[in-house]
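A.B. asks: Provided herewith is a single structure, encoded as structure tokens, for subsequent inquiry.
The values are calculated or read from the model by the stated rules, or taken from the named source; none is laboratory data. Quick caveat: nothing in here was measured; it's all calculated off a predicted structure. In this analysis, Cβ positions are derived from the backbone assuming ideal geometry, glycine residues included, and neighbour counts consider all displayed protein chains. Note: areas computed on protein heavy atoms with side chains; ligands, DNA, RNA excluded. Shrake-Rupley method; radii C 1.70, N 1.55, O 1.52, S 1.80 Å.
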Amino acid sequence: MSTYSPDRDKHAFLTDIQEIRRRAREHILNGAVTEGYRGDRETVIRLLNEALATEIVCTLRYRRHHFMASGIHAQAVAQEFLEHANEEQGHADLIAARIVQLGGAPDLNPQGLLTRSHAEYVEGDSLIDMIREDLVAERIAIDSYAEMIRYLGDNDPTSRRLMEQILATEEEHAEDLRTLLESLGSDAE
Ligand SMILES: [Fe+2]
Ligand SMILES: [Fe+2]
């Protein structure tokens, strides 16, 4: 057993600071992406672009639902749809900014949007239909984001934290929708 040496142990968890300083000066135009970045940058950017497409499809679907909601319970539900639409847009912006930080480009091409997105765009005929489709989309986002978070692990903590924060909101959205379905007496199983 070696004896405790504060001087040595202080640096045991960290690459030599001189080395970190030296590396930071190299490839300075890579900005936030340093040599110590452990993610597979290309894969992370592709996954983030899929999440971006998912958020945009969700924004569009919620906005459509906001304007199309009608019937006796429509007003409160339409308001909820609008709030969700705006929050999904906020998520899209955060993800796009992170893609740029990683040296990528946010894919905002409308062509292929639905293919890149995990969630679907279903218009829905009735208020209940719309809520049900939104809930399905949220559940898809929840599952795929959770998988992404597991993939990111310790290799890209910033992207992981971003996706964790977004996941928490999607879970709130799903709960809001479940409550709405229940209060409207839907027989959704
Ligand atoms: Fe979202
Ligand atoms: Fe959501």
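A.B. asks: Here are 133, 88, 80, 55: which of them is open to solvent by less than 50 Å² (accessible area, probe 1.4 Å), in contact with an Asp or Glu (Cβ under 8 Å, 6 or more places away or on another chain), within 16 Å of ligand 2 (Cβ to nearest atom) and closer than 24 Å to residue 185 by Cα?
C.D. replies: Checking each option against the conditions leaves just 80.
A.B. asks: Six or more apart or on different chains, Cβ under 8 Å: which pairs go from a residue in the stretch 87-101 that's in contact (Cβ under 8 Å) with a residue 60 or more places away in the chain and closer than 13 Å to residue 163 by Cα to one that's near ligand 1 (Cβ under 8 Å from one of its atoms) and part of a helix (DSSP H, G or I)? Could you list them?
C.D. replies: Once the first residue is in contact (Cβ under 8 Å) with a residue 60 or more places away in the chain and closer than 13 Å to residue 163 by Cα and sits in the stretch 87-101, its partners that are near ligand 1 (Cβ under 8 Å from one of its atoms) and part of a helix (DSSP H, G or I) give 91/55; 91/166; 91/169; 94/166; 95/55; 95/166.
A.B. asks: Can you tell me which residue among 147, 120 is under 17 Å from the mean Cα position of the chain (by Cα) and in contact (Cβ under 8 Å) with a residue 60 or more places away in the chain?
C.D. replies: Only one candidate qualifies: 120.
A.B. asks: List the residue pairs whose Cβ atoms are under 6 Å apart, where the first residue sits in the stretch 157-185 and is within 14 Å of ligand 1 (Cβ to nearest atom), the second is hydroxyl-bearing (Ser, Thr, Tyr) and at pLDDT 95 or above, and the two are 6 or more positions apart or on different chains.
C.D. replies: 163/145; 167/145
A.B. asks: If you don't mind, another one. What do you reckon, is residue 102 open to solvent by less than 80 Å² (accessible area, probe 1.4 Å) and more than 16 Å from ligand 1 (Cβ to nearest atom)?
C.D. replies: It is true that residue 102 is open to solvent by less than 80 Å² (accessible area, probe 1.4 Å) and more than 16 Å from ligand 1 (Cβ to nearest atom).
A.B. asks: While we're looking at this one, here's another question. Of everything in the stretch 163-179, what is crowded, with 22+ Cβ neighbours inside 10 Å and more than 10 Å from ligand 2 (Cβ to nearest atom)? Give them in sequence order.
C.D. replies: Within the stretch 163-179, just 163 meets the criteria.
A.B. asks: Sticking with this one: Keeping to the stretch 105-121, report how many residues are open to solvent by less than 60 Å² (accessible area, probe 1.4 Å) and within 23 Å of residue 168 (Cα to Cα).
C.D. replies: The total comes to 4.
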